[in-house]
Amino acid sequence: MDPTLLALGALAFAGASATVAGCAEDLESDVGSQSNPNSQVQLGPQMGNIHRYFNKAISGEPVAYGLYVAVAGLIAWALMNTGLNVLLAIVIGAGVAAIVHGAYAVSAYLGRIVGQSKNFGQPVYMDVIMTHIGPIVGHGFIAVFCMLLAAYLAGTALGNPFPLPLIALIFGITVGSIGSSTGDVHYGAEREYQKYPFGGGIPVANQGDIDIKAETGIRNGMDSSYFCSRLGGPLTGLCFGLIVFLDGWRGIIGSILGGDLITKSAIAIVVGIIIVAIAAYINRVIEVYARNKYGPYTNR
């Protein structure tokens, strides 16, 4: 088979896997209230809002998912070197990472909530742990598995020179960063701060003054994930998928047009600069259009 066609197929598969991974990662962080401003639920009891959110915000998403995907990548890489089937090795690596993820999630929730129970009266809801830990671990497994699969394709078919654990670490940090930016735009202020006007952000004085009432009963992280699955999750997945897909095109175009390794690398760098410039221009056009059409935010 033509190596270029094989690389294009691998790139499309990696981009699709990254899209699913980004969506699952964002929804997982919404269930567990890990991201920012999602993590402002930790200030709820201090503001007098006793809540039923699962809160595992002991670190940012980039750090956490860098750990989870790197653990999975290291285990999968070691198993592959013993001759184990690639797909089975990736499944086992993602499974171990899911267990690590679940352990950190439970210990983070208990540690944070217990720390608030004495001074602010925040109860530890065991049913919150039981109902939320499954979606957290499940979404986390899907995210890590898909990222690890994309990282494997990047290292074997797309010419990434780094070993699998390092590629996995980079992918985990990247998707966590996207979840903390792209996903939050469609979650924090819209869902947990509905009493305040849309578009004004979350002033410091309002942090922790979260909504605790849902459509049926007291709000929790499951309500947040249902809401975010409309926009925040898909847009996070689309962003991460485009990054992997467009970055892979740099190497493919360099391989097609270039000769030796230095020429290929130079062409890939130039193509990357062009892609970034085009993306920045499109972003600017959309921003100007939105501001001219809807006008500046006013606190009325």
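With the highest mean first, a sort of the peptides 112-121, 276-285 on other beta-carbon atoms found within 10 angstrom per residue produces 112-121, 276-285.
Note on Met222: accessible area approximately 40 square angstrom, rounded to 10, probe 1.4 Å, nucleic acids and ligands left out. Long hydrophobic helices in the chain, taken as whole DSSP H segments with a C-alpha length of 15 Å or more on their own axis and mean Kyte-Doolittle hydropathy at least 0.5: 3-32, 61-81, 86-120, 126-156, 164-178, 232-257, 261-294. Of the residues Trp249, Trp77, the one with the largest accessible area comes first in the ranking Trp77, Trp249, computed with a 1.4 Å probe on protein heavy atoms. As a length-normalised measure over Cα pairs under 8 Å and 6 or more apart, the relative contact order of the chain settles at 31 percent.
Measure off, as a whole percent, the carbon and sulfur share of the 1.4 Å-probe accessible area of the chain, all protein chains present. Show your work: numbers first, answer last.
Details: 10180 of 14680 Å².
On the chain, the fraction of accessible area on carbon and sulfur atoms equals 69 percent.
Do the sum for the chain: with -39,500 (n - 2.57) for every DSSP H run of n ≥ 4, divided by all residues, what is the mean residue ellipticity at 222 nm, to the nearest 500 deg cm²/dmol?
On the way: 8 runs with 200 residues, N = 300.
Counting only the DSSP helices, I get -23500 deg cm²/dmol.
Positive-end ranking of Gly138, Tyr125, Thr156 along the dipole of the stretch 3-238, with charges on Cβ about the Cα centre, is headed by Tyr125.
Could you tell me which residue out of Ser33, Ala12, Thr263 lies farthest along the dipole of the chain toward its positive end? Charges go on the beta carbon: Lys and Arg +1, Asp and Glu -1, centred on the Cα centre. It is Ser33.
Remark: the chain carries 49 Å² of accessible area per residue (probe radius 1.4 Å; ligands, DNA and RNA excluded).
Residue-normalised convex hull volume from the C-alpha trace of the chain: 145 Å³ per residue. Among the protein heavy atoms, those of Ile273 account for about 110 Å² of accessible surface (1.4 Å probe, every chain in place).
The distance between label points at Ile278 and Phe13 comes to 2.6 nm (points 7 Å beyond Cα on the Cα→Cβ vector).
The values are calculated or read from the model by the stated rules, or taken from the named source; none is laboratory data. A quick note: this is a predicted structure, and the numbers were derived from the prediction, not measured. Neighbour counts run over all protein chains shown; Cβ positions are idealised from the backbone, glycine included. In case anyone asks, the SASA skips ligands and DNA or RNA and just uses the protein heavy atoms, side chains included. Shrake-Rupley method; radii C 1.70, N 1.55, O 1.52, S 1.80 Å.
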